[in-house]
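Asks: The structure under discussion is supplied below as structure tokens; questions concerning it will follow.
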Amino acid sequence: MTPEYFPKISKIAYEGPTSKNPLAFRHYNADEVVGSKKMRDHFRFAIAYWHAMKNQLSDPFGAGTAIRPWDDRTNTVENACRVADACFEFAGKLGIDYYCFHDRDVSPELDSLKASNAALDAVSDHLLELQNKTGIRLLWGTACLFAHPRYNQGAGTSPSADVFAYAAAQVKKALETTLKLGGQGYTFWGGREGYSTLLNTNMKRELDHLAKLLHMAVDHAKAIGFTGQFYIEPKPREPSTHQYDSDSAACLNFLREYGLLEHFKLNIETNHATLAGHTVQHELTVAAAAGALGSIDANAGDELIGWDTDQFPTNIYMTTQIMLVLLRMGGFTTGGLNFDAKVRRESFDPEDLFHAHIGGMDAFARGLKAAHKIVEDGRLGDFVKTRYSSFDSGIGAQIEAGTIGFAELEKHVLTLDEVNLAQSGRQEMLENLLNDFIA
Ligand code: XUL
Ligand code: CO
């Protein structure tokens, strides 16, 4: 029989907004329908295996503080299977339907690729059993191409062809494992794909190599019958000085340049957006405008700390903005909201993992409800539509249709008595309107 790793915690229930029980949902009610679908289907929440199950909460100044009774920190298949048991118990008690992993979170890196692959086969057999028993599914898989010292100069962008080959072999196996587990997507996060100094870097060559790696992944997916969605997860820096996948716009440009856009969408993470000097709303909007918003790594940063703090999202203003973009896009297809977030180092108890996820899920539930009301209300959407109405007919429609040029536009201006400036941007009024919906 599987031991219980969270014996004091039973299934987290929805108790409504007046509940004082910290181990209950006050807003997230999985089967409640908001708009056209149930909350669980709007969000498709996922556990980030590396943070929730494996992160020991170390920081640059000290060793890990986390108490994790399921992880004896040995590099064994036995330990990995125990961690998996704890993950499925945890997700089940939270009512979270998906999980995401790196090959080296779920299974140990051993002395050779052959041994690591054999371990991954054994652990993924166990994961498959757990999936079948619980109905919990894999949102996406990925390969960790940044932790091992071999990737100190990059993986797909390493100056060493052998290291490139190692990265390719790891992606091959991770992709096959994702397929075996019925994963709905596969993510590339290029933590080491960038540079520390341009003095030693041939940027063009490195980008060509990175594109080759992604094309090989697309080819291999076809060969093995993996039909899930590929994602790139933008992040500008940390660990490297500059990462090539620095933000949504840079990723889209790279994908277009190398003929990869039809195969990839973006997985947008809040704290990565802020490191890039953007809001998450900006990054999501850029991706959605290109038809390439695939999935979200839900977390939050800290304005006072300049690195990727990966905190749980609790800001309802932000979750409302995220859900607005998502609702307007029509929601997720293969993607979901993966809590790529870790509890603070001071929060060392396993119970804190529950408080963190409950808080994130409730914050998103409130964001969804607010965003849904804003869409239903229609004033915000109508305002934006009206703002561009001079392009709906006449000269504006001709500009959009591409049927006129400078000569006609000059002629148009010469006939004008007065230039129509459209309406005021009314930012303050709209900010007030948004606040009216955030309860
Ligand atoms: C790192 C990060 C990764 C990716 C997956 O900042 O977000 O965990 O989500 O490799
Ligand atoms: Co992430």
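The values are calculated or read from the model by the stated rules, or taken from the named source; none is laboratory data. It should be emphasised that the depicted structure is a prediction, and the values quoted were computed from it without experimental measurement. Here the Cβ positions follow ideal geometry from the backbone for every residue, glycine too, while neighbour counts run over all protein chains shown.
Each row is one residue, and each column tells you yes or no for (1) more than 13 Å from ligand 1 (Cβ to nearest atom); (2) outside any helix (DSSP H, G or I); (3) in contact with an Asp or Glu (Cβ under 9 Å, 6 or more places away or on another chain).
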{"residue": "PRO159", "(1), (2), (3)": "yes, yes, yes"}
{"residue": "ALA165", "(1), (2), (3)": "yes, no, no"}
{"residue": "ALA174", "(1), (2), (3)": "no, no, yes"}
{"residue": "THR177", "(1), (2), (3)": "yes, no, yes"}
{"residue": "TYR186", "(1), (2), (3)": "no, yes, no"}
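Asks: What do you reckon, is GLY191 small (Gly, Ala, Ser) and either within 15 Å of ligand 1 (Cβ to nearest atom) or farther than 25 Å from MET329 by Cα (or both)?
Replies: yes
Asks: Which of (1) buried (at least 16 other Cβ atoms within 10 Å of the Cβ); (2) of a type outside the set (A, V, I, L, M); (3) not assigned by TED's automatic domain parsing to the domain that holds GLY141 does PHE406 not meet, given it meets every other one?
Replies: Only one criterion is unmet by PHE406, namely (1).
Asks: Determine which member of the set ALA217, ALA211 is buried (at least 20 other Cβ atoms within 10 Å of the Cβ), in a helix (DSSP H, G or I) and touching a residue at least 24 places away in the same chain (Cβ under 8 Å).
Replies: That would be ALA217, the only listed residue that is buried (at least 20 other Cβ atoms within 10 Å of the Cβ), in a helix (DSSP H, G or I) and touching a residue at least 24 places away in the same chain (Cβ under 8 Å).
Asks: On to the next question. Here are the criteria: (1) away from ligand 2 (no atom under 16 Å from the Cβ); (2) touching a helix residue (DSSP H, G or I) at 6+ places or on another chain (Cβ under 9 Å). Tell me which single one ASP297 does not satisfy.
Replies: Every condition holds for ASP297 apart from (1).
Asks: Quick check on the stretch 44-62. Is at least one of its residues closer than 25 Å to LEU130 by Cα, acidic (Asp, Glu) and assigned by TED's automatic domain parsing to the domain that holds PHE354?
Replies: Within the stretch 44-62, not a single residue is closer than 25 Å to LEU130 by Cα, acidic (Asp, Glu) and assigned by TED's automatic domain parsing to the domain that holds PHE354.
Asks: Out of all the residues in the stretch 348-361, is one or more within 16 Å of ligand 2 (Cβ to nearest atom), in contact with a Lys or Arg (Cβ under 7 Å, 6 or more places away or on another chain) and modelled with pLDDT of 95 or more?
Replies: no
Asks: Next question, about the same structure. Could you list, in sequence order, the residues of the stretch 240-288 that are among the hydrophobic types (A, V, I, L, M, F, W, C) and assigned to a loop (DSSP other than H, G, I, E, B)? Explain how you work it out, then say what you get.
Replies: Applying the first criterion (among the hydrophobic types (A, V, I, L, M, F, W, C)) to the stretch 240-288 yields 249-252, 254-255, 260-261, 264, 266, 268, 273, 275-276, 280, 284, 286-288.
Those that are among the hydrophobic types (A, V, I, L, M, F, W, C) and assigned to a loop (DSSP other than H, G, I, E, B): LEU260, LEU261, ALA276.
Asks: From (1) surrounded by fewer than 21 Cβ atoms within 10 Å (Cβ to Cβ); (2) free of Cβ contacts under 8 Å to residues at least 40 places away in the same chain, pick out the condition that doesn't hold for ARG40.
Replies: Failed condition: (2).
Asks: Next question. Could you check the stretch 414-439 and list, in sequence order, the residues that are over 36 Å from the mean Cα position of the chain (by Cα) and loosely packed, with under 10 Cβ neighbours inside 10 Å?
Replies: Answer for the stretch 414-439, where residues must be over 36 Å from the mean Cα position of the chain (by Cα) and loosely packed, with under 10 Cβ neighbours inside 10 Å: LEU414, THR415, LEU416, ASP417, GLU418, VAL419, ASN420, LEU421.
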